[in-house]
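A quick write-up on the structure given underneath.
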Amino acid sequence: MPYTTLQVNQTISTSSEKELLSNLGSGRLRGTNNWDRDKLEKCWKLDSFFKESQRLNGMGAMSLPRKVMVPFTFSDGTILPPGVIVAAAPTAIHYDESLYTNAAEFDGLRFSKTWENLVMQGKSDKIEEERLRLTSTHNYFSFEGGRHACPGRFFASTILKSMMVYVILNYDVKLESGRRPADKWYGLMCMPSRKAKVLFKALE
């Protein structure tokens, strides 16, 4: 889904695709010998893009499912008996206008703006903390949270960024239909269309 959104969404142009990789170095880097993990970790804009893509294109309407083991009473008097399954609603939260400005619109640089503001304020020591927060916050649940947060999230992030960098630097990519097809819902689960065809053209 991140690849599809990057290439199809009209807010992302060729120049801004290059901007996502601005911290990899100058010039058009080809192959895999000119960039490494340290450079990838400095690509805040690419991190921001992934986070925004996950926010808008989640995998379901339910996250953080938990089974109640002992009776629990909320402050409003609501009682949860043992055996009940409770969960968060990521889709509703990720599209909440009170949490995200223009929540239904894709803004690949939505989160990198926050990190860049920290640099301008001389608070670069807070950047890593802010980046790690993308894994689990009160308004972002793409990688679950708490003690059960996805243990492979950092490895997955590095692999995905490596793949994305390689694709951007070596191919022009577009959907055959010219636009992203609607997701398919299966109960509480949401998946991208299996019928979409993606076209790749090697750059000269």
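Structure above, values below:
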quantity: Net charge, residue 100 excluded, C-beta distance under 11 Å - Lys, Arg +1, Asp, Glu -1; calculated: -3
quantity: Chymotrypsin sites (Phe, Trp or Tyr not before Pro) lying in DSSP loop within the stretch 53-105, provided at most 12 other Cβ fall within 10 Å; calculated: 74
quantity: Estimated vicinal HN-Hα couplings, Hz - the stretch 139-145 in sequence order (Karplus 6.51, -1.76, 1.60; Gly, Pro = x); calculated: 10, 8, 10, 4, 10, 6, x
quantity: Local net charge near residue 179, Cβ-Cβ under 14 Å (Lys/Arg +1, Asp/Glu -1); calculated: +2
quantity: Listed residue pairs exceeding 22 Å between alpha carbons, taken from 113/161; 45/195; 45/161; 113/197; 42/174; 42/161; calculated: 45/195; 113/197; 42/174
quantity: Amide H partners (placed H, <5 Å) of residue 171, local residues excluded; calculated: 203
quantity: Prolate/oblate/rounded label for the stretch 65-126 (Cα gyration tensor, a/c 1.5); calculated: prolate
quantity: In Hz, Karplus ³J(HN,Hα) per residue of the stretch 169-182 (6.51, -1.76, 1.60; θ = phi - 60°; x = Gly, Pro); calculated: 7, 10, 9, 9, 10, 8, 7, 4, 7, x, 8, 6, x, 5
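Laboratory data are not the source of any read-out in this text; all were calculated from the coordinates shown. Source: prediction; values computed, not measured. Positions of Cβ are backbone-derived with ideal geometry, glycine not excepted, and every protein chain shown enters the neighbour counts.
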